[in-house]
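Reading through the structure tokens given below for one structure.
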Amino acid sequence: MKVIKIDKEEWAKGVLALADTWQIFGPAKEKDYHEFKILGKGELPDLNFQNTRLSPKNMVFPQSEDMLEYTLDETKQDHHIMKEVKKDYPRVAVIGIRPCDARAISLVKMNFDTQEYKEPYWLKKYESAIFVGVACDNPHSTCFCTTAGCGPYNEEGLDVLLVDADADYLVKPLTEKGEKLLQAAGWQNESGDQSIIESKKSLAEAKIVTQVVTDKLKDRKLLDLHAADFWEDISFACINCGACAYICPTCWCFDIQDEVHWKSGKRIRNWDSCMFPLFTLHTTGHNPRGTKVQRVRQRFMHKLKYFVDKYEKGIMCAGCGRCVRQCPVNIDIRKVCNLMNNWG
Amino acid sequence: MLEYINKIREIAERALREKKVDMVIGFRKGTMPMMNEPCFIKNPDQVESLVWDSNCGINLANYLTDRTEKIAVIAKGCDSRSIVTHITENKIKRDQLFIIGVPCKGMIDKRKVASETALRNKGEIDKVTEVSGKVIVNVDETETSFDRTDVLQQNCALCIHRNPVIYDELAGDLVEEQKVADRYEDVRKIESMSLDEKQNYFKELLSSCIRCYACKNACPLCYCPTCFVDEAKPQWLGKGQEPVDIQTFHFLRAYHCAGRCTDCGACERACPVGINMRILTRKLEKDSLEQFGWESGLSLEKRPPLDTWNSEDPDDFIK
Amino acid sequence: MQNPYLPYPVRIDDIIIETEDKNLKTFKFVFLNKGDEEKFSYNPGQFAELSIPGKGEIPIGIASSPVEKGFVKFTVFKAGVVTSYLHTMKKGDIMGIRGPLGNSYPWDVMEGKNIFIIGGGFAFTTLRSSIVYMLDPANRDKFGNIDVVYGARTPGMLLYKDELIAWEKRDDINMHLTIDTEAPNWNYHVGMGPGIAEKVGPKGDSNTYAIACGPPIMIKFTLPVLEKLGFSPDKTILSLENRMKCGIGMCGRCGIGKELVCKDGPVFTLSEIQSTPREY
């Protein structure tokens, strides 16, 4: 197991070198929070954070993505014929992504990369990206990654894992892509000690103070959970905004809109949320999920039951805790998960 | 204000037991520091789960519209004025409601507490408690203490209607109303900006908006079955991240609240990215006051200015 | 990789107003690019997204049959933004079609079996596709008896009237057309679809499949009839509708329980529907 050791100076030099080949997408401090953004030349990712306010999912899945374009000008030869928007897909190094967000991206990939259909925009962005994760030594009290199929040192979805060992960084390449990145950064000193990583991992995992129980979710009958009597109580506070779905790294629902300016137009993919009343509204006015309790139940059933039944990947949640911290009315997925697991 | 909870529980228990109401809408303890979760109870045995403290900033009138039951609701000054607006707008009937009035001393701003604490102590806030007018914040082993009045939400610091204007029973004695010299100092600052400065200011203000609509949905007055942002025939504005669409949403929503907004601050509280959109609604509140002498939600008898015409209405815009 | 959002460009070749209230039109499309028609090869029961640049897309069942070459047909009801605009379009206009999407009726399982089709109102589109497919000389031998009950409010609201009358005269298919109340010059049944189905329908046995397609109210009253006739839930086939956008199982909008109506459906057996939540 190769573990590279670099000091903080080599780190800075390496990131600078990487910027020649990759755009660097990393966390930056904005007022009281950290957010992911494309960093300027010479700017280093600020790794002094617990987690960003919004997830880095907008790197592969931007909030608003132009997909197709067309002209409505009937004097043009190709009027009303839709074309794919030509885009560049520059190589992007996502440096500073937490293991929970990386696992979330692999979960979302299952939606956009199927046997029958491949989502071209999401996949092209994903393939042009390389993920350098930063292990979590100081998890938040709302982090429950260890019981959500993940952990503060989890390697799923990452090409490289970076561990902060005080004076140095320990860098672990996980894939071929990761190896190439280390070469490009000039990080080759293989004197890193794997056992340090192991012991820091145990320390970090012990710091996770909150858990969810998911062992019985698969066995619970879908229709029984759906008919459970706790949904009314759980859903009362919900204001049906899109905050939870938008900040959640594993939520992927989207809307498709045509926007026209004068005679030219675009077909755009925007984030959407099952929480909005409009989400399932038919043109006839019929709405299968017209009430708040149906919509709130849908979100939790999808994440904690339908996804569990459909794929063998556990719950559709990486335990990042953002929704717990940001929900305007403090609806807590940990509480709902435990209620669902222990129901019946 | 913390002492209100016993009275609130007692009133709620009595109202349910005597079958005066079918349900009580209030708050229960949240799972995060400085957060409480709106909840309902239907059983008098459940009143112990109700809480009341300085983290009850969400406007519970939001949960009343179009309900058909008899409801007891806990209402601070601003909430009670929203209820008056609801009754005036026929969204709920007065005789459906049993209002437990709370003379409010203000709610604390969790973002302000967090950022002030971060200046003094690095680390996650473990616990926030309130004792005798002081807000005590625990970060690991350290404790930081603030004067309550220094960390209030801005709308509470400027509030001149802390006592409920309509209620069936009070949870505590009425409090003295604050005297605020100029409630609109920050609005005036922006009014005096040049057009370019204003454009930049609003662009900056709304730059992090993710169109989650938490602000709109937390607002008790935004109850349209189909909001203008969701209209399709015709479509009013785009749903993406175009700055013009984002600004249109916020400006138009503020206009739709003109003469109705009671500055409860639920919108700013709800916003996950901390946008101070109250600057827009307060501009319109100031205009309502200066042009029509109107403060919303104070009277069940008077019709709001956008409902009525009066020969004294300002008409200097007619050139 | 083929971009699944990119529609095949098509031209409107013909428009027929199907019903007396003019709210239903059948559009005949031809593909602009050679080779697209073959890429669009489909089976009866599938749907496609009709794509109008600048307006949006609508998921509509394919009314033409794979045995009909050179064009595709869709019957569209005027309801919302996109359908209303489509109804104003003319012959020669250009738009797009994405598809075929969804699963089709289970033709492999239904081979060698008797088929009982019950349709109502303007949900008859994919049923037309199915009937034309089965009656084609190349396919007729693959199926046993074919019984059809198709009802509408008035004669003027029936779709594909000329074809219905032609099928009624054939002896290799039992057509039962019905309207809700008496009308002049009407020579067929009178009465609601489910009631007629109970009277004339074949018994449900291991050799017979029932396909029901119609508005929710019709389905509601047809299911007990099918049960009475002896059709088991796994031999009762339904086609669901739901609000859709992507049509390729990614945007999450049309999900019911574990199923996505655009990808795992729209065709489901009754037993599959009975094990999902009633959110459709």
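With respect to the conditions (1) part of a loop (DSSP other than H, G, I, E, B); (2) under 20 Å from the mean Cα position of the chain (by Cα); (3) at pLDDT below 95; (4) more than 14 Å from every other protein chain (Cβ to nearest Cβ), B:Thr262 falls short on a single one, namely (3).
Is at least one residue of the range C:23-36 among the acidic types (Asp, Glu), part of a helix (DSSP H, G or I) and closer than 27 Å to A:Phe112 by Cβ? Within the range C:23-36, one or more residues are among the acidic types (Asp, Glu), part of a helix (DSSP H, G or I) and closer than 27 Å to A:Phe112 by Cβ. Here is the figure for the range A:238-271: residues that are in contact with a helix residue (DSSP H, G or I) (Cβ under 8 Å, 6 or more places away or on another chain) and within 10 Å of chain B (Cβ to nearest Cβ) total 11. Restricting A:Leu107, A:Leu47, A:Leu68 to those that are outside any helix (DSSP H, G or I), over 27 Å from A:Gln183 (Cα atoms) and outside the structural domain of A:Val260 (by TED's automatic domain parsing) reduces the list to A:Leu68.
Every residue, every condition in (1) surrounded by fewer than 18 Cβ atoms within 10 Å (Cβ to Cβ); (2) in the same structural domain as C:Phe116 (by TED's automatic domain parsing); (3) under 17 Å from the mean Cα position of the chain (by Cα), yes or no:
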| residue | (1), (2), (3) |
| --- | --- |
| C:Pro216 | yes, yes, yes |
| C:Ile219 | no, yes, yes |
| C:Glu227 | yes, yes, no |
| C:Pro233 | yes, yes, no |
| C:Cys246 | no, no, no |
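Evaluation of B:Gln241 against the conditions (1) within 13 Å of chain A (Cβ to nearest Cβ); (2) under 30 Å from B:Lys93 (Cβ atoms); (3) surrounded by 14 or more Cβ atoms within 10 Å (Cβ to Cβ) shows that the sole unmet condition is (2).
Would you call B:Asn121 touching a Lys or Arg at 6+ places or on another chain (Cβ under 9 Å), without any contact (Cβ under 8 Å) to a residue 24 or more places away in the chain, surrounded by 17 or more Cβ atoms within 10 Å (Cβ to Cβ) and not hydrophobic (A, V, I, L, M, F, W, C)? Spelling it out, it is not the case that B:Asn121 is touching a Lys or Arg at 6+ places or on another chain (Cβ under 9 Å), without any contact (Cβ under 8 Å) to a residue 24 or more places away in the chain, surrounded by 17 or more Cβ atoms within 10 Å (Cβ to Cβ) and not hydrophobic (A, V, I, L, M, F, W, C). Looking only at residues in the range A:272-292 that are touching a Cys at 6+ places or on another chain (Cβ under 7 Å) and more than 9 Å from chain C (Cβ to nearest Cβ), the one that is farthest from A:Asp66 (Cα to Cα) is A:Lys292.
For the range A:115-122, the count of residues that are away from every other protein chain (no Cβ under 14 Å) and under 23 Å from A:Ala19 (Cα atoms) is zero. Across the range A:255-273, the number of residues qualifying as surrounded by fewer than 23 Cβ atoms within 10 Å (Cβ to Cβ) and free of Cβ contacts under 8 Å to residues at least 40 places away in the same chain comes to 6.
Criterion applied to A:Met301, A:Met316 was being in contact (Cβ under 8 Å) with a residue 12 or more places away in the chain, away from chain B (no Cβ under 14 Å) and either surrounded by fewer than 21 Cβ atoms within 10 Å (Cβ to Cβ) or not in a helix (DSSP H, G or I) (or both), and the one residue passing it is A:Met316. Of the helices (runs of 4 or more DSSP H) that lie entirely inside the range B:184-226, those containing 3 or more residues that are more than 10 Å from chain A (Cβ to nearest Cβ) and over 22 Å from A:Ala245 (Cβ atoms) span B:185-191, B:195-205. For C:Asn33, are the conditions met, namely being over 21 Å from A:Ile268 (Cβ atoms) and in contact (Cβ under 8 Å) with a residue 60 or more places away in the chain? No. Apart from one condition, B:Ile25 fits all of (1) without any contact (Cβ under 8 Å) to a residue 60 or more places away in the chain; (2) touching a Phe, Trp or Tyr at 6+ places or on another chain (Cβ under 8 Å); (3) farther than 24 Å from B:Cys257 by Cβ; the exception is (3).
Looking across the range A:142-165, just one residue is within 14 Å of chain B (Cβ to nearest Cβ) and either surrounded by fewer than 19 Cβ atoms within 10 Å (Cβ to Cβ) or β-branched (Val, Ile, Thr) (or both), and that is A:Thr142.
The values are calculated or read from the model by the stated rules, or taken from the named source; none is laboratory data. Remember, predicted model here, so these are calculated numbers, not experimental data. All Cβ positions, glycine included, derive from the backbone under ideal geometry; neighbour counts span all protein chains shown.
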